[in-house]
Structure formats: C-alpha cells, structure tokens
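Q: Would you mind keeping the following structure in view while I ask a few things?
The values are calculated or read from the model by the stated rules, or taken from the named source; none is laboratory data. Owing to the predicted nature of the structure, the values given are computational and were not obtained by experimental measurement. Every residue, glycine among them, receives a Cβ derived from its backbone with ideal geometry; neighbour counts consider all protein chains shown. The accessibility values were calculated without ligands, DNA or RNA, using every heavy atom of the protein model including side chains. Shrake-Rupley method; radii C 1.70, N 1.55, O 1.52, S 1.80 Å.
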Amino acid sequence: MHLAENRKYHHITSFQVIILGFLSVILLGSLLLTTPLATQDGKGAPFLDALFTATSATCVTGLVVYDTATYWSIFGQSVILALIQIGGMGVITVAVSIAVISGRKIGLMQRSTMQEAIAAPQVGGIVRMTELILKGTFLIELMGAMLLAPTFCRDFGIAKGIWYAIFHSISAFCNAGFDLLGIRTPFSSLTTYTTEPMVNITIMLLIIIGGIGFTTWVDVHNHGLHFKKYRMQSKTIVLTTVVLIVLPFFYFFLHEFSHFGLTERIWSSLFQSVTPRTAGFNTIDLTTMSETGLMLMMVLMLIGGSPGSTAGGMKTTTIAVLFACASAVFRGKEQPHFFGRAIPAAAIRNATTVLLMYIILSLSGAMCISTVENISLLTALYETCSAIGTVGLSLGITPELGSLSRIILIVLMYIGRVGGLTLVFAAIYEKEIAECKYPEEKITVG
C-alpha cells in the first residue's frame with residue numbers, strides 16, 4: 001500500500017501541482033467571500049459571484065461583478081487583497097517562501113516545481129532566488145504604498161488613505177487592477193486621477209516592475225544597468241516591453257486622445273499604453289475610445305507581461321519569438337536568433353501553440369457570450385481578451401452578464417493565469433519516447 005501511494009505521489013508533476021495550487025486558493029477564497037463578514041450588507045455573496053471574484057483576484061485579472069469599494073466589507077477587501085498577493089507572486093512561490101522562512105528543507109520536487117512556476121533557467125539557486133523575490137516584492141510594494149499615501153490621505157483621510165495606498169500598491173504590482181475608488185463613482189477605477197503625476201507614475205512603475213518577470217529581476221540585481229551582461233531572455237523582455245509601451249503611446253497620443261489638452265493627452269496616452277499588459281486600471285472612460293483603439297488594447301492584453309512575472313497573457317517572449325521567426329523568413333535566414341543566440345526549436349513550437357490557443361479561446365468565448373447575451377462581438381471579445389490576458393479592463397458589461405457568460409470568463413481567467421501549456425503538460429503524466437522518426441513530405445503554407 002505504501003509503495004502504491006509512493007508511486008502515485010511521484011506521478012504528480014510540477015505542472016499539476018501548479019494548477020491544483022491555484023484551484024485550491026480560488027475555492028478557499030470563494031468560500032470566505034460567501035460569509036456574512038465579507039459583504040457590507042452582512043448577507044454574504046452568492047457562490048457564483050464569490051467564485052468569479054476569487055478567480056479574478058487569484059488570477060490577478062481585475063474583472064468584477066460588484067464594485068470592490070461599495071460591495072465588499074473590510075474583511076472581504078482583505079480576502080481579495082490576500083488572493084491578489086498570493087496569485088501575483090504565485091501559489092508555489094508563496095508556499096516555498098513560507099517553507100524558507102520557517103526553516104524547512106526544500107526538496108528536489110519543490111525546487112523543480114518552483115523552477116516551472118517562475119520560469120527560472122535552472123533548479124540551482126532557487127532558494128536564493130525565492131528570498132530575492134520575497135524581499136523585493138514587499139520592498140517594492142511598501143515603496144509604492146508610501147508614494148501613493150500622501151495623495152490618498154489627502155483625499156480620504158489618514159486611516160482610509162493608508163489602506164487605499166497599501167491596497168492599490170499591491171494590486172498594481174501584482175498586475176491585478178482591483179481598486180477601491182468606486183467609493184466616488186462605482187467602477188470608476190483611476191479616472192479621477194488622470195493628470196495626477198504621482199499616482200500615474202507610481203502605478204505605472206509598479207505594473208512594469210511586476211510584469212517584467214522575476215528572472216529579469218535577478219539580472220538587474222546582479223548586473224545593474226550593464227544591459228550587455230543580461231541573459232538573452234532578459235534582454236528580449238526589456239526590449240520588447242519598451243517597444244510595446246512606446247509604439248502604442250504614439251498611436252494613442254496622435255489619434256485617440258487628440259481632443260484632450262496636452263497634459264491630459266500625454267498622461268492618458270502613456271497610462272493606457274502600460275495598463276493593458278496586464279494591470280486593468282484605467283484613467284479614461286474606455287467606452288469613448290474608437291474601435292481601432294480598443295482593438296490595439298486587445299492585442300496588448302493578449303500579449304500580456306513576461307514569463308515568471310505577476311502578469312498574465314501570452315507573454316512578451318512569445319510575441320518576440322514569433323516576430324524573430326517572421327524576420328528570419330523575410331530575410332531568408334535558416335534560424336531565428338536574439339542578440340547572437342539562436343532560438344531553440346522547442347521555443348518556436350511553444351510560441352506558435354500559445355498564440356493559436358489564445359486566439360481560439362478568446363474568439364470562441366467571445367462568440368458564445370455575444371450569442372448568449374445578444375451584444376456586439378467586439379464588446380464580447382474585449383471582455384474575453386481581458387479575461388484570458390488576466391487584465392481586468394472592461395467596457396462595463398461584466399456586472400450585467402448571465403451565469404453562463406460568467407463561467408466562460410472564469411475558465412478563461414484561470415487558463416490565462418496558470419498558462420495554457422501548463423494545463424496541457426499537466427494532463428501528460430509521462431513523456432512518450434519517440435522510437436522512430438516519420439518520413440518528411442513537403443507541404444505548402446502561406
């Protein structure tokens with residue numbers, strides 16, 4: 001019996017641990033949000049609404065069916081904040097961090113799982129990296145809260161201002177997009193701070209730092225600003241992140257917000273370039289944007305942040321690999337590369353698979369919601385891209401959606417956070433060893 005149990009234990013893969021860990025946290029959070037203590041009316045939330053909120057928080061998405069500030073009590077908001085923190089750092093990262101703090105020995109299974117969770121290049125040094133992540137996370141969130149506190153204390157009083165500063169700092173760093181500013185106007189996000197420099201700069205920096213990935217942190221920590229010493233992945237992440245902020249900024253500035261004054265135009269363009277990957281805050285009314293602007297934001301939402309970060313989406317490295325492949329084809333080169341390093345064939349296969357999965361899931365989900373709710377496909381697609389990209393931006397339809405549509409968004413948020421490939425690999429217990437190679441035959445594409 002013991003041998004059978006031991007054999008069964010070894011069949012649990014790192015990918016299965018990750019998806020089960022997120023699922024367990026979501027279910028626990030859902031149960032806590034159904035309790036009378038969680039809501040301001042003392043009745044507790046219906047289970048489906050609690051499940052939606054817990055999934056959105058744990059998957060650091062930000063889509064909500066109730067305004068966070070006016071519906072949930074302090075206890076409910078604290079549960080949501082705890083779920084955001086766990087989901088942002090990663091369930092496995094939090095579990096390993098607790099083990100490290102308590103002095104427990106970290107086994108090979110835990111190290112391997114941690115490596116998969118944070119996209120670390122190797123198992124060696126995982127414990128030191130975990131300590132860096134833990135210290136860095138709380139230091140950055142503390143600094144963010146200190147920078148936000150003066151503005152929020154001015155507007156809401158000292159006690160509430162400090163709570164708001166802490167909540168929004170963690171929410172921004174974890175790329176969650178939950179806010180408590182609906183106390184002014186429900187679901188208003190940061191629209192009352194469109195031209196407030198300190199709020200804009202702090203929130204954007206938190207989003208970017210949380211979204212570049214923990215492995216990039218290590219390179220920055222070890223090499224400072226010596227960009228040439230970074231690993232190829234970190235170089236690709238930094239360069240892609242800059243491009244994905246700068247190019248949308250110019251489009252928004254020139255075409256989308258040209259009717260604003262210069263100051264509001266600059267801040268609005270910059271913030272809306274940063275937040276779709278994958279934070280979910282907004283400083284302007286999204287329903288006033290053109291269809292072209294909304295489509296650009298959907299593309300940014302699907303791309304998301306970087307591997308091993310607090311952000312979701314396909315990841316910056318995925319889109320970078322795909323562009324490198326296209327560039328190699330256009331230039332007649334045999335193998336795509338970054339910074340003098342060839343891209344492995346496995347990375348190319350994974351990138352194309354992830355792209356196809358995200359397109360199929362977001363489109364099929366949007367078509368279902370559009371049909372069921374009788375709304376435009378573009379509006380539904382915006383919500384599904386936001387869900388699977390774990391962004392949280394919305395055109396305001398989420399609270400009005402029916403049960404089936406909410407379940408679709410729940411599934412998309414979960415897949416978006418744990419990763420489509422993680423779910424696929426979790427279903428595979430053992431890799432099949434290929435005993436032979438099939439003969440090749442030409443097939444024309446394009």
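Residues are listed down the side, and each one gets a yes or a no for (1) in a helix (DSSP H, G or I); (2) in contact (Cβ under 8 Å) with a residue 60 or more places away in the chain:
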| position | (1), (2) |
| --- | --- |
| G305 | no, yes |
| A320 | yes, yes |
| A324 | yes, no |
| L356 | yes, no |
| T384 | yes, no |
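Q: Counting only residues that are open to solvent by less than 20 Å² (accessible area, probe 1.4 Å) and not aromatic (F, W, Y), how many does the range 241-255 have?
A: 2
Q: Let me ask something additional. If V299 meets every condition in (1) within 19 Å of A387 (Cα to Cα); (2) open to solvent by less than 50 Å² (accessible area, probe 1.4 Å) apart from one, which number is that one?
A: (2)
Q: Filter the range 182-208 down to residues that are closer than 30 Å to I133 by Cβ and assigned to a helix (DSSP H, G or I), then give me how many there are.
A: 13
Q: Considering each of G90, G125, G103, G157 in turn, give the residue that is surrounded by fewer than 21 Cβ atoms within 10 Å (Cβ to Cβ), at pLDDT 75 or above and on the phi > 0 side of the Ramachandran plot.
A: Selected residue: G157, the only one of G90, G125, G103, G157 that is surrounded by fewer than 21 Cβ atoms within 10 Å (Cβ to Cβ), at pLDDT 75 or above and on the phi > 0 side of the Ramachandran plot.
Q: Is it true that some residue in the range 209-217 is of a type outside the set (F, W, Y), open to solvent by 50 Å² or more (accessible area, probe 1.4 Å) and closer than 25 Å to E131 by Cβ?
A: yes
Q: With respect to G157, determine if the residue is of a type outside the set (A, V, I, L, M, F, W, C) and closer than 23 Å to W217 by Cβ.
A: no
Q: What residue, of N222, N282, is surrounded by fewer than 19 Cβ atoms within 10 Å (Cβ to Cβ) and of a type in the set (S, T, N, Q)?
A: N222
Q: Further, regarding this structure: Which residues, taken from the range 416-446, are outside any loop (DSSP other than H, G, I, E, B) and either modelled with pLDDT of 80 or more or out of contact with any helix residue (DSSP H, G or I) (no Cβ under 7 Å at 6 or more places or on another chain) (or both)?
A: Matches in the range 416-446: G416, R417, V418, V424.
Q: Quick test for you: out of L181, L205, L148, pick the one residue that is touching a residue at least 24 places away in the same chain (Cβ under 8 Å) and touching a His at 6+ places or on another chain (Cβ under 7 Å).
A: L148 is the lone residue from the list that is touching a residue at least 24 places away in the same chain (Cβ under 8 Å) and touching a His at 6+ places or on another chain (Cβ under 7 Å).
Q: Kindly provide the set of residues from the range 357-393 that are crowded, with 24+ Cβ neighbours inside 10 Å and among the small types (G, A, S), ordered by number.
A: Of everything in the range 357-393, those that are crowded, with 24+ Cβ neighbours inside 10 Å and among the small types (G, A, S) turn out to be S362, A366, A380, S386, A387, G389, G392.
Q: State whether the residues of the range 293-303 include one that is among the β-branched types (V, I, T) and at pLDDT below 90.
A: For the range 293-303, residues among the β-branched types (V, I, T) and at pLDDT below 90: absent.
Q: Also, I was wondering about something else. Among the residues of the range 386-415, what is the count of those that are outside any helix (DSSP H, G or I) and of a type in the set (S, T, Y)?
A: Counting residues in the range 386-415 that are outside any helix (DSSP H, G or I) and of a type in the set (S, T, Y) gives 2.
Q: Keeping to the range 47-68, report how many residues are part of a helix (DSSP H, G or I) and open to solvent by less than 10 Å² (accessible area, probe 1.4 Å).
A: 9
Q: Residues in the range 361-375: is at least one in a loop (DSSP other than H, G, I, E, B) and over 19 Å from T316 (Cα atoms)?
A: Yes, the range 361-375 has at least one match.
Q: Residue check: is L294 within 25 Å of I360 (Cα to Cα), assigned to a helix (DSSP H, G or I) and either touching a residue at least 60 places away in the same chain (Cβ under 8 Å) or open to solvent by 20 Å² or more (accessible area, probe 1.4 Å) (or both)?
A: Criteria met by L294.
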